[in-house]
1. Given the options 64, 37, 51, identify the residue whose Cα lies farthest towards the positive end of the charge dipole of the chain (+1 on Cβ of Lys, Arg; -1 on Cβ of Asp, Glu).
2. Connecting C-alpha atoms closer than 10 Å in a GNM of the chain, tell me which of 137, 185, 59 has the biggest fluctuation.
3. So I have (1) 17.4; (2) 11.8; (3) 20.0, and one of them is mean projected area of the Cα convex hull in nm² calculated from this model. Which one is it?
4. I want to check the label-to-label distance for residue 240 and residue 197. Put each point 7 Å from Cα in the C-beta direction and report it in nm to one decimal.
5. So if each residue of separation counts as 0.36 nm, and I subtract the Cα-Cα distance between residue 26 and residue 77, what length gain in nm does that give?
6. For a quick check of your reading of the filter: which chymotrypsin sites (Phe, Trp or Tyr not before Pro) in the range 1-49 sit in a DSSP loop and have no more than 13 other Cβ atoms within 10 Å?
7. Please give, to one decimal in nm, the separation of the simple spin-label points placed at residue 123 and residue 35, each 7 Å out from Cα toward the Cβ.
8. At 222 nm, what helix-only mean residue ellipticity would the chain give, in deg cm²/dmol to the nearest 500, using -39500 (n - 2.57) for each DSSP H run of four or more?
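Read-outs throughout are calculated quantities, based only on the coordinates presented, and are distinct from any laboratory measurement. What you are looking at is a predicted structure, and each value in this text was computed from that prediction instead of being measured. Counting neighbours? That spans all protein chains shown, and the Cβs are built from the backbone with ideal geometry, glycine included.
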Amino acid sequence: MIWEPALLSLQVTIVASILILVFGLSLGIFLARTQFLGQVFVSTLLNLPLVLPPSVVGYFLLLVLGRGSPIKEWLGIDLLFTWQAGAIASAVVALPLMVESTRAAIANVNPELEAAARTLGSTEWEVLQRITIPIAYRGILAGFGLGVARGLGEFGATLMVAGSIPGRTQTLPLAIYDAVQMQRYGLANVMVLIMTTIAFVLLWWVRLLERQKAKGRIEKLKERRQKAKGIQDRWERAFEFAVRIIKAY
């Protein structure tokens with residue numbers, strides 16, 4: 001009873017994580033490096049799943065995946081009440097966390113470093129691969145960890161589009177709900193412990209990344225202060241030398 005929803009949750013989370021990584025990273029980089037008309041509208045639209053009730057997000061997904069939708073009518077793909085629909089729901093709900101974290105991390109990268117790489121003949125892909133992402137990777141990974149944790153715990157939107165079919169679409173959050181409804185509290189306690197442990201580990205990992213990021217900023221600030229102090233000392237010595245020469249003459 002426990003292993004079926006646990007394995008299904010793992011399957012859904014892996015697919016959702018891939019979607020979060022691909023689309024979240026792409027959208028975050030695009031929003032951080034591109035200025036266009038309607039950018040605020042697009043950013044607000046992407047962040048809606050953070051504030052909308054999961055049932056509302058699930059309803060929108062029903063419109064996108066259900067009867068009369070392009071996916072159903074044109075492509076002939078029926079995703080409703082499948083585990084794939086649950087993965088899409090988890091990805092949509094968690095996507096804003098990845099997008100905003102990536103956007104903030106990319107925006108903090110010094111544009112002068114990227115410009116210097118371009119002047120040396122690097123392409124945009126090489127700049128992104130060798131300069132931008134290596135500098136911003138902690139923020140990107142933190143957003144990815146938060147997105148995975150949020151997607152793993154998704155309940156409302158998943159229930160709307162995938163249902164709670166044991167062995168087919170019933171993930172751990174849905175199985176916990178059913179266990180409580182049937183007053184099987186021992187089983188519910190075990191699954192709650194599993195979910196809590198996974199969520200704690202993911203959040204702990206995110207906090208470690210944020211701490212390392214903060215330490216990196218402090219070290220960079222110290223280096224800048226030392227450089228500034230060195231420049232100031234050189235100017236002071238040069239000024240004193242000039243004063244001595246003037247007095248000598």
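1. Among 64, 37, 51, the one farthest towards the positive end of the dipole of the chain is 37.
2. Taking springs between Cα atoms under 10 Å, the residue moving most is 185.
3. Recomputing mean projected area of the Cα convex hull in nm² here gives the entry labelled (3).
4. For residue 240 paired with residue 197, the spin-label model returns 6.5 nm.
5. On the way: separation 51, 0.36 × 51 = 18.36 nm, distance 2.53 nm.
Residue separation times 0.36 nm, minus the Cα-Cα distance, leaves 15.8 nm.
6. On the way: sites: 3, 23, 30, 36, 41; in loops: 36.
Taking the range 1-49 and a limit of 13 other Cβ atoms within 10 Å, the loop chymotrypsin sites (Phe, Trp or Tyr not before Pro) found are 36.
7. Simple spin-label model gives 2.7 nm for this pair.
8. Numbers: 11 runs with 199 residues, N = 249.
After summing the helix terms and dividing by residue count, I get -27000 deg cm²/dmol.
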